[in-house]
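Engineer: Here it is, the structure, as C-alpha cells.
The values are calculated or read from the model by the stated rules, or taken from the named source; none is laboratory data. Only a predicted model underlies this, so the values are computations on that prediction, with no experimental measurement involved. Counting neighbours? That spans all protein chains shown, and the Cβs are built from the backbone with ideal geometry, glycine included. Accessible surface is based on the protein model in full, side chains and every heavy atom, while ligands, DNA and RNA are left aside. Shrake-Rupley method; radii C 1.70, N 1.55, O 1.52, S 1.80 Å.
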Amino acid sequence: MVVTISDFGWTGPYADRAASEFTLQAWAGSPGFRGDPAGPPISIGGDLGEYMGGVFAAFGALAVRRRVEHGGPGEHLDLSMLEAMTLMQSSEWLHSQLLRVPPIRRTTEVPSIEPAKNGFVGITMVTGQQWLDFVVMVECPQLEEIEQLRFQIGRWAYRDLIREQIGPWLAQRTVAEIVELGQLFRLPIAALGNGATIREVEYATERGVFRQNPAGFHQPRPPWLMSACAPAPVGRTAAAGADNDETTWRTTESEDTVATADRPLEGVRIVDLTAFWVGPAATHLLAAFGAEVIKVESIQRPDGIRYSGGMRKDVDDWWEYGWVFHAMNTNKRSVTLDLGSEEGRRLFKKLADVVIENFSPRVMDQFGLTAEVLLDVNPRLVVARMPAFGLDGPWRDRVGFAPTMEQLAGLAWVTGLPDGPPVTPRGACDPLAGVHAAFAVLAALNVTDRTGTGQQLELPMLETVLNAAAKQAIEFEVFGKTLSRNGNRGFGGVIQNLYRCTGDDDWIAATVRDDRQWSALVEVMGRPAWCDEALATAEGRRARADDIDGRLQDWFAGQPLESTVERLAGAGVPAAPVVSPSLVTENPQLRARGFFEEMRHSSIGSALYPCPPFALLSGQDRWLMRPPPLLGEHNGEVLRDRCGLTDDELANLAASGVIGTRPKGL
C-alpha cells in the first residue's frame, strides 16, 4: 500500500502546477465566499487545509490496510489536496441548484463575532429556533417578526439593522456574562480564544487536554479517546538523519491473493445517528469506502441540515432540498425510528456493528442508549460519540457547532484583516472533525478484530480543532508571541496575498516561497526596475515585504485574471483565481479527476455530488452508488431484512409514529 499526497493529485491538467495551501484555498472556493464585498476576500488563517489532507491520508491508509489484513489487495491511494480542501466548503454548487439561487458571493455570518463590553464574543445561529431564542435573549422582539432572518442566508441583507438592534445590548455586558446567558438559552455562544489563552480555558485545564512534549512545550492530545486502549505517548522528534543506518523495509514472501474489486470497508455495518455536517461527513467517507451505512432519523426530529440553511416554498417535500444533506449522505439508506419509544429503541439495537452519533451527551442518556447499554447488547460494538465538548467535564452540556470551535480554539483569531475583527472560518472544521471520527472508527474496529472487544470512542469536536490550532499555543509558550490576523499575507516570511485584477471584483491568489519562484515572478512582470538584486534573497524580501506587497498590488491591478493565472502557472509560480464556491464544478482539474459524480435524485433530478479526495480505487469505476436517501425511504427494506418485521407490523409502526416518511405534523 502506498499513499501519496500532492497538491492536485497525480493526474489531470494541473497535476504538475506549483501550489500552496493558500492558492489551493482559492481554487477550492474558500475565500470566495468569506468577507465583506466592500473589501477583499478573506482566506482561512492557520494552514487548515494541511491538517485536512493529513487526516484524509491517515484514514485512507487505515481503510486499505483493513482490506489487506482481510486477504485483499493493496492499493495506491492518490490523494489530491485540492479535493480535500474542496470538501471543506459546504458544496455551494448544490446550494445554488437546489434552492435556485445565484452563485454565492462573499459575506460573513450575521451575527457572528461581535463586540461586547470587554472584547469580542462569538455567536453562531444555525437553526431557525436558535435565532428566535437569540432575539428573546438580546431583548429585540422586533427582529422576530422578519421571517427572512430565521435563515442565515437571509440575514446579510439586514446586517446593519441587526447590528444596530443587538449592539447596545451586547455593549452593556461582558463576554462572560453573554456566554453564560447563552448557555441558559442553549445557544452556541463562545469567548474567543488565541495562542495566549487556549491552554488556560476551563475545558482544557479540567480535561487535561495539553500534554508535555519532550522538547519542552505542551501540545494537545490526540482528539479521539478510546475506552479500550490509548494512543502512544508523545515521544521525542528524531534529529535529521538519526535513522540513516536502519535497515530498509524487510521483504516478505508474496502470497497469492485474489485481487477483487471489493471496497476496503465491505461488510462493515454502521448505524448513523449523526446530524448537520460534522457527523455525516464521517459516515459519508466510510460509506464511500464500502461500509453499509443506515442513517437513522425520526419524523419527530429529522436531521436539521435538511432545512436549516433555507427552504423551498414551491415544493411539497421541502425537507428533501438541503444541499449539505445531499452532499454528505450519498451511499446511505434512511430509516426513521422514534427512539423516544420503547419499540423504536428495541429495533435500533438490532441494526449495527458500529453506532456513531453527535448529539449532546444528554440525548443518548435520555433515550437510555448509552454505550454501556449498547455494549451489553453487542460486546463487539464500536460506539462512536461526537459531542462538541466531551462526555464529561465543565462544558459537557454546552451547545456548539463548528464555528463555535473555530472561535474558541483560535482559528477565528488568525482569520481576518489586521485592522478588523476576527472572522469565523465558516464551518470548515466540521469535515475536519468528521474525517478524524472516521479514522478513529477504523482504529477501533482494528482493536475489535484483534481482541473481539468493542468499545466507546469519545471524539470531542473542540479537541480536533485545538489540534489544528496547536501552533498558536506553542508559539506563545516557546516564543511569547501571540499570532494574530495578518489578512491574506500569512506568516513565515513568504510573499503572499490576494491581489485585485482588472475586471469586476476579480482577485488572484499568489504565493512566492523561494528564490526561484521570485525570479520567475520578476520575469513574468517584465523585470521592473524596483526588483533590484537585494530582493533576490528571502532575507532581502523579508526586509522590504510591505513595499513589495504594495508594488505587487499596483502590478496586478493592471492584469486580467485568467491569463495572469496561466502565465504565472507556466512560470512555476503558485497562483489561482478567487472563485465562488458555487462555481468549483467548472474547475478543469476537479472534473478531469472525477471529483464530481452525477446521480439522479427522485426529488431534485440530476446533480453533481462530491467524492472522497482520492483517485478511483483499482477496479472501481465510481465512488457513489446511490443518491442521498429520502426521509425514511428504506424503512421497509431495512426493518424487514434486519428485524424480521412483517408488512402489518410496519403499518402499525407507521400509524403510531414510530416510523414514517414525512416530518411529524405535515
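Engineer: Viscosity 0.890 mPa s, temperature 25 °C: what is the translational diffusion coefficient of the stretch 164-306 from Stokes-Einstein with a Kirkwood Rh over Cα pairs, rounded to a whole number of µm²/s?
Structural biologist: For these conditions, the coefficient is 113 µm²/s.
Engineer: When only DSSP loop residues count, what trypsin sites (Lys or Arg not before Pro) in the stretch 98-143 have their Cβ near at most 13 other Cβ atoms within 10 Å?
Structural biologist: Sparse-neighbourhood loop trypsin sites (Lys or Arg not before Pro): Arg100.
Engineer: Could you tell me the relative contact order of the stretch 311-386? Use alpha-carbon pairs under 8 Å, at least six residues apart, and round to a whole percent.
Structural biologist: 26 percent
Engineer: Right, here's the next one. If I take R0 = 22 Å and measure r between the Cβ atoms of Glu597 and Asn446 in this structure, what FRET efficiency does the formula 1/(1 + (r/R0)^6) give, to the nearest 0.05?
Structural biologist: E(calc), rounded to 0.05, equals 0.15.
Engineer: How much length, in nm to one decimal, is gained on full extension between Arg159 and Asp641, taken as 0.36 nm per residue of separation minus their Cα-Cα distance?
Structural biologist: Result for the pair: 168.4 nm of gain on full extension.
Engineer: Please list, in chain and number order, the residues 5+ apart from Leu498 or on another chain whose amide H is under 5 Å from its amide H, with Hs placed from the backbone.
Structural biologist: Asn488
Engineer: Right, something else. Amide H neighbours of Ser334 under 5 Å, counting only residues 5+ apart in sequence or on other chains, H built in-plane at 1.01 Å?
Structural biologist: Lys295, Glu633, His634
Engineer: Calculate for the chain the 222 nm mean residue ellipticity that helices alone would give, adding -39,500 (n - 2.57) per DSSP H run of length 4 or more and normalising by residue count, nearest 500 deg cm²/dmol. Let's see the in-between values first.
Structural biologist: Working: 25 runs with 234 residues, N = 666.
Roughly -10000 deg cm²/dmol at 222 nm, from the helical runs in the chain.
Engineer: Pairs of Cα atoms under 8 Å, at least six residues apart: use those to get the relative contact order of the chain, whole percent.
Structural biologist: 22 percent
Engineer: Can you work out the accessible area per residue across the chain, with the rest of the protein chains kept in place, probe 1.4 Å, in square angstrom?
Structural biologist: Value returned for the chain: 41 Å² of accessible area per residue.
Engineer: Would you work out if the stretch 301-340 is rounded, prolate or oblate? Take a ≥ b ≥ c from the square roots of the eigenvalues of the alpha-carbon gyration tensor; rounded if a/c is under 1.5, else prolate when a/b is larger than b/c, oblate otherwise.
Structural biologist: oblate
Engineer: Tell me, what HN-Hα J-couplings in whole Hz come from the Karplus equation 6.51 cos²θ - 1.76 cosθ + 1.60 at θ = phi - 60° for each residue of the stretch 286-300, using x for Gly and Pro?
Structural biologist: 4, 5, 4, 8, x, 5, 7, 10, 10, 7, 9, 10, 9, 6, 6
Engineer: For a quick check: with amide H placed at 1.01 Å from N, whose amide H comes under 5 Å from His218's, ignoring anything fewer than 5 positions away on the same chain?
Structural biologist: Asn213
Engineer: Next up: Can you work out the FRET efficiency for the pair Arg65 and Glu202, with r the C-beta to C-beta distance and R0 = 51 Å, to the nearest 0.05?
Structural biologist: On the way: r = 38 Å, r/R0 = 0.75.
That gives a FRET efficiency of 0.85.
Engineer: In the stretch 127-215, with Lys and Arg counted as +1 and Asp and Glu as -1 at Cβ, which of these residues, Ala204, Pro168, Gln183, has the Cα nearest the positive end of the dipole, that is, farthest along it?
Structural biologist: Comparing the listed Cα positions along the dipole, Ala204 ranks first.
Engineer: Please state the charge dipole magnitude for the chain, taken about the Cα centre, from unit charges on C-beta atoms (+1 on K and R, -1 on D and E), reported in debye and rounded to the nearest 20. List each step's numbers first, then the result.
Structural biologist: Numbers: 63 positive and 84 negative charges, 86 e Å.
Charge dipole of the chain: 420 debye, to the nearest 20.
Engineer: Continuing with this model, one more query. Hey, quick one: spin label on Val377, modelled 7 Å out along Cα-Cβ, who in the stretch 631-662 has an amide N within reach, i.e. under 12 Å?
Structural biologist: 643
Engineer: Here's something else I'd like to know. Cross-link partners among lysines for Lys481, C-alpha distance below 27 Å, same-chain residues fewer than 8 apart left out?
Structural biologist: Lys481 reaches Lys117, Lys471.
Engineer: Quote the Stokes-Einstein diffusion coefficient, in whole µm² s⁻¹, for the stretch 580-666, based on the Kirkwood radius over alpha carbon pairs, a temperature of 20 °C and a viscosity of 1.002 mPa s. Intermediate values should be presented prior to the final figure.
Structural biologist: Values: Rh = 16.2 Å.
Translational D for this selection: 132 µm²/s.
Engineer: Sort 155-165, 304-314 by the packing proxy (mean of other Cβ within 10 Å over each peptide's residues), most packed first.
Structural biologist: Values: 155-165: 15.5, 304-314: 17.6.
Final packing ranking: 304-314, 155-165.
Engineer: Carbon and sulfur: what percent of the chain's accessible surface (1.4 Å probe)?
Structural biologist: Numbers: 13690 of 27380 Å².
It is 50 percent, rounded to a whole number.
Engineer: Kirkwood-based Rg over Rh for the chain (C-alpha set), two decimals?
Structural biologist: Using Cα coordinates only, the ratio equals 0.96.
Engineer: Oh, and also: Could you tell me which of rounded, prolate or oblate describes the stretch 25-110, using a ≥ b ≥ c as the square roots of the eigenvalues of the alpha-carbon gyration tensor, with rounded for a/c under 1.5 and, failing that, prolate when a/b is larger than b/c and oblate otherwise?
Structural biologist: Since a/c reaches 1.5 and a/b is larger than b/c, the shape of the stretch 25-110 is classed as prolate.
Engineer: From the phi of every residue in the stretch 264-276, what ³J(HN,Hα) in whole Hz does the Karplus formula 6.51 cos²θ - 1.76 cosθ + 1.60 yield, where θ is phi - 60° and glycine or proline is x?
Structural biologist: x, 10, 3, x, 7, 10, 10, 9, 9, 9, 7, 9, 6
Engineer: Could the peptides 628-636, 140-148, 460-468, 582-590 be put in order, highest first, of the mean number of other beta-carbon atoms found within 10 Å of their residues? Numbers along the way, then the final one.
Structural biologist: Details: 628-636: 21.1, 140-148: 12.4, 460-468: 27.6, 582-590: 19.4.
Sorting 628-636, 140-148, 460-468, 582-590 by mean packing, highest first, produces 460-468, 628-636, 582-590, 140-148.
Engineer: Of Gly594, Pro560, Leu535, which is farthest on the positive side of the dipole of the stretch 532-666, counting Cα position, with +1 on Lys and Arg Cβ, -1 on Asp and Glu Cβ, and the Cα centre as origin?
Structural biologist: With unit charges placed on the Cβ atoms, the residue in question is Gly594.
Engineer: Quote the accessible area belonging to Phe491 in square angstrom, nearest 10, computed with a 1.4 Å probe and with ligands, DNA and RNA left uncounted.
Structural biologist: Its heavy atoms expose roughly 90 Å² to the probe.
Engineer: Is the C-alpha gyration tensor of the stretch 351-473 telling us rounded, prolate or oblate? Criteria: a/c under 1.5 is rounded; beyond that, a/b larger than b/c is prolate, otherwise oblate.
Structural biologist: prolate
Engineer: I would also like to ask the following. Pulled fully out, how much extra length does the chain show between Asp36 and Asp515, if you take 0.36 nm times their separation in residues and subtract their Cα-Cα distance?
Structural biologist: Value of the extension gain: 169.0 nm.
Engineer: Still on this structure, please answer the following. Leaving out ligands, DNA and RNA but keeping every protein chain, what accessible area does Cys531 have, in Å² rounded to the nearest 10, with a 1.4 Å probe?
Structural biologist: Surface accessible to solvent at Cys531 totals approximately 30 Å².
Engineer: Need one number: nm distance between label points at Glu177 and Asp314, each 7 Å from Cα along Cα→Cβ, rounded to one decimal.
Structural biologist: Output for this residue pair reads 4.8 nm.
Engineer: Which residues in the stretch 175-205 place their backbone N less than 20 Å from a point set 7 Å from the Cα of Glu139 along the Cα-to-Cβ direction?
Structural biologist: 175-187
Engineer: Another question about this same structure. Relative contact order for the stretch 100-219 using alpha-carbon pairs under 8 Å, separation at least 6, rounded to a whole percent?
Structural biologist: Values: 128 pairs, mean separation 34.5, N = 120.
Dividing the mean separation by the residue count of the stretch 100-219 yields 29 percent.
Engineer: Okay, moving on. Can you return the lysines within cross-link range of Lys295? Criterion is Cα-Cα under 29 Å, with same-chain partners fewer than 8 residues away left out.
Structural biologist: Correct list for Lys295: Lys313, Lys332, Lys349, Lys350, Lys664.
Engineer: Short version: ³J(HN,Hα) in whole Hz for each residue of the stretch 508-523, in order, from phi by Karplus 6.51 cos²θ - 1.76 cosθ + 1.60 (θ = phi - 60°), x for Gly and Pro, what are they?
Structural biologist: Running phi through 6.51 cos²θ - 1.76 cosθ + 1.60 with θ = phi - 60° gives 10, 9, 9, 9, 10, 9, 8, 5, 5, 5, 5, 4, 5, 5, 4, 5 Hz.
Engineer: Right, here's the next one. Which value, in debye to the nearest 20, describes the size of the charge dipole of the stretch 279-355 about its Cα centre when Lys and Arg Cβ atoms bear +1, Asp and Glu Cβ atoms bear -1, and nothing else is charged?
Structural biologist: I would put it at about 180 debye.
Engineer: Here is a further query. Given a Förster distance of 45 Å, report the FRET efficiency between Leu184 and Asp532 from their Cβ-Cβ distance, rounded to the nearest 0.05.
Structural biologist: 0.15
Engineer: Another question, if that's okay. So how strong a dipole does the stretch 134-266 carry about its Cα centre when Lys and Arg Cβ are +1 and Asp and Glu Cβ are -1, to the nearest 20 debye?
Structural biologist: 500 debye
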